[in-house]
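Reviewing the structure listed below.
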């Protein structure tokens, strides 16, 4: 067929695969990957053309009507397509004939019907480049089948056609099998590309009206980070004009994309340094070139004549990074670059060049398929440095779902650069998105990624994947596509990994417990502020124990100054005597239920995996009347009828807890506040609030005697700064990693300081800059953050199942309609700014008033580690600071065996607990019970060996001169004269003469090897080698 001169022969090829689903699925997250790398002969290692150089510079093809084999019969809609009957299939026995699949041309090519149902969403896939064919994704990533090395087709168990009707398009014109009769049709910017795609979709839906009402999603990867926002904007504009077919656009997804170059290019050096690809000196050198790159990108946005220069300037930086990688695959830094362009996808070019295959696809025999077209690539260079993020906020405001996902091991469009532009993008939900919690994206109970979501915006960092996520993690990519971001974020049972002390391993099913009890429910809120009932738990283990023997209560307290806040608690009378102290336990999170402590740590009984209760021989109720509180409001069984009651800081929390305690029954008992993890924030604020109320005589006088924090987060600055030191000391990272990660600490510390003075925005910024330290450590060595001795963290799922049993809820007096969740995501999000605030500031006043403070820390916890806790307590300013620092370290023994190390002065005690992680009462139950008992009785004090006490004051210097005369070397740490250099930085100051050396080591306390492990190691090595001079 010959087109008249007045009609452009602008032909885009597409493939359609119809969904095979049997049920409809809500789509909000979509994913894609893109292949693109530049050619070495052009010196461009880019996101360009994978591994295949085009045989033709552009597909310029004229179909002649005198050749019947090449004739394209276009319909009135501008579509020429045919049923897809591919002849080559693998050993699986699968046949594509079972699906309604089409391939064809649109005049301006590939669609697959879903394996589930025709009513499934329509998904369009755009491969990047620019200029790379969609067949790369079709046959290697997310198509219905995969192409083997022997050119057979086998079913892809994770093809996206399982959940959608998917279209693969070769675009822009000149890409893959798409062609034109004139090179004037080659596009140079997103306006031309998006207009062509919009026209294609209009023609497609005219030819396939059955799909018009289906939800529609745009997906792709790499340079599609440009294509996709432009197409989404074009569709949205077309829908508003109401002049053409309405396309039911619901969302768009970009995988490892290039969208905002101004933000993404500076991330190259940061990502490369963080992953040990370049040295510190290379990093510093490359970053001197970055301001010029950024300046030209800015100018490109205003003056297109600058765009080519910006491309060349910035690409040289990227090329320098790539060329320093020692043959690393820059699409997946775990691998070596094999061949000219790192991946070998040569089979697709062979396959699509077979005459029988082209006939099956309806492709003119004269057209030569090329995977990536260099001419198309060159034509789009002026488009490269443009910012395509600018149109996205308007789409978000219309609640069009947007997913950005990135494989963690891609360099070329790395997750860090993508995260930064998404984080910085201004829109009405920006603050809430930044404040949202990171949650785990799970596949069969294993973490496959880290997900962050607010409203229509989702960001997903995919584990164990490079640039091509559907190829590297096909199951995760399919699940990502098949689940909306909101449902993914709120239904996953998850451990947050590096994110917080947060949710242990359970994520809430509901964001917050907002519940209005019906009159038929067992709990009715009367004029009384407290509603409680005797606890008669129905499920008991084989121990024969009966909780009926104890005065156990559970109930609700109505909280003053709230709209409808109800705080839930458990009360257990001491097994020994009623006048025992009252001890409150606060679990951290923020937003995690006290039931974790009750059933797994220090409650009167433990919950087994078969949902039985057995006595806990070391329950703290043996020595105290225990209260376990679900707080803040919205946590566990605590609830409210209004989200306005959700707290955001420690003032709101401490006021609510103070109100809760205005209960007369135990007024005369001594009161102690205890807890762990984020309790390091709650507890100091609560203790200060009680002390203030007592002094001001505001309500019932509470006989506060002390408070204890276990593995807490109290002073974020020094605690986060200790993470790399703790990791290096415990051999979680090597020396090179330590040096690299340590460079992140000053920014974290500086940001944490600003949080204390500049408010919420600074606190959120500090959170991002500090948590990345722990994240980087875990990316190198993915241990359990709560116990570094294990790769696997806690499984506490039984409590969630147990507390949702109707008979258990009835026994507790919980309204029937209230669903228990172990940790509340909404509560956690509400405290995002609070996390980085310093709660140590109120502690000195409490100590000066004689209120006892115990800080205890399990030795093997990483997230709130021993070293960080040591640093903040030793730096804390109070009248007893020097006395505490000078106090002796003593053994803490249980049954004659060492269980920890103890240091104490006045009202302050510090205890390191051996053989324990984050949850000390669970790991060392007997030791923790003895600790509590001795501390409350005033007996948890250092014990000095009486036989050695007289020896302490003796002068042992008298024998040293003789040793020095004999040339025996002696090293003392102290003084400051000349500098000891560590990695070019001053690590200490020394004075030396002959065999005597005097050294002061910077930034240390009493335990130099703990505080400065690398400096102490270098000191020892140089001293023994005679080089410490």
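Restricting 1010, 1004 to residues that are modelled with pLDDT under 75 and not in a helix (DSSP H, G or I) narrows the list to 1004.
Looking at segment 845-857, is at least one residue under 26 Å from residue 783 (Cβ atoms), within 27 Å of the chain's Cα centre (by Cα) and at pLDDT 95 or above? For segment 845-857, residues under 26 Å from residue 783 (Cβ atoms), within 27 Å of the chain's Cα centre (by Cα) and at pLDDT 95 or above: present. Across segment 581-592, a minimum of one residue is classified as under 29 Å from residue 826 (Cβ atoms), in a strand (DSSP E or B) and over 34 Å from the mean Cα position of the chain (by Cα). When the criteria are applied in full, residue 258 fails the requirement of being more than 20 Å from residue 119 (Cβ to Cβ), in contact with a helix residue (DSSP H, G or I) (Cβ under 8 Å, 6 or more places away or on another chain) and at pLDDT below 95.
Selection of segment 621-649 for residues being farther than 24 Å from residue 667 by Cα and surrounded by fewer than 22 Cβ atoms within 10 Å (Cβ to Cβ) yields 641, 642, 643, 644, 648, 649.
Taken over segment 782-807, the residue count meeting the criterion of being surrounded by 19 or more Cβ atoms within 10 Å (Cβ to Cβ) and closer than 16 Å to residue 610 by Cα is 5. For segment 353-360, indicate whether the set of residues that are under 28 Å from residue 189 (Cβ atoms) and either over 38 Å from the mean Cα position of the chain (by Cα) or buried (at least 18 other Cβ atoms within 10 Å of the Cβ) (or both) is non-empty. Scanning segment 353-360 turns up no residue that is under 28 Å from residue 189 (Cβ atoms) and either over 38 Å from the mean Cα position of the chain (by Cα) or buried (at least 18 other Cβ atoms within 10 Å of the Cβ) (or both). When only residues in segment 983-1001 that are surrounded by fewer than 19 Cβ atoms within 10 Å (Cβ to Cβ) and touching a strand residue (DSSP E or B) at 6+ places or on another chain (Cβ under 8 Å) count, which is modelled with the highest pLDDT? Selected residue: 995. Got a number for residues in segment 662-672 being modelled with pLDDT of 85 or more and in a loop (DSSP other than H, G, I, E, B)? So the answer is 2.
As a summary of the residue check, residue 675 satisfies the conditions (1) at pLDDT 90 or above; (2) assigned to a helix (DSSP H, G or I) except for the one numbered (2).
When segment 161-198 is filtered for residues that are in a loop (DSSP other than H, G, I, E, B) and touching a strand residue (DSSP E or B) at 6+ places or on another chain (Cβ under 6 Å), the ones remaining, listed by number, are 164, 170, 171, 173, 177, 178.
The set of residues in segment 809-856 being part of a loop (DSSP other than H, G, I, E, B), out of contact with any helix residue (DSSP H, G or I) (no Cβ under 9 Å at 6 or more places or on another chain) and surrounded by fewer than 20 Cβ atoms within 10 Å (Cβ to Cβ) consists of 817, 819, 850.
Return a yes/no flag: does segment 943-964 have any residue that is in a loop (DSSP other than H, G, I, E, B), at pLDDT below 70 and either under 20 Å from residue 906 (Cβ atoms) or in contact with a helix residue (DSSP H, G or I) (Cβ under 7 Å, 6 or more places away or on another chain) (or both). Yes, there is a match, as at least one residue in segment 943-964 is in a loop (DSSP other than H, G, I, E, B), at pLDDT below 70 and either under 20 Å from residue 906 (Cβ atoms) or in contact with a helix residue (DSSP H, G or I) (Cβ under 7 Å, 6 or more places away or on another chain) (or both). Of all the residues in segment 370-385, those that are within 16 Å of residue 224 (Cβ to Cβ) and either more than 37 Å from the chain's Cα centre (by Cα) or not in a loop (DSSP other than H, G, I, E, B) (or both) number 5.
In the set (1) outside any loop (DSSP other than H, G, I, E, B); (2) at pLDDT 90 or above; (3) within 23 Å of the chain's Cα centre (by Cα), the condition left unmet by residue 410 is number (1). Exactly one residue among 124, 166, 154 is in contact with a helix residue (DSSP H, G or I) (Cβ under 7 Å, 6 or more places away or on another chain), at pLDDT 60 or above and under 20 Å from residue 478 (Cα atoms), and that residue is 166.
The values are calculated or read from the model by the stated rules, or taken from the named source; none is laboratory data. Only a predicted model underlies this, so the values are computations on that prediction, with no experimental measurement involved. Glycine also receives a Cβ, built like all others from the backbone with ideal geometry; neighbour counts cover every protein chain displayed.
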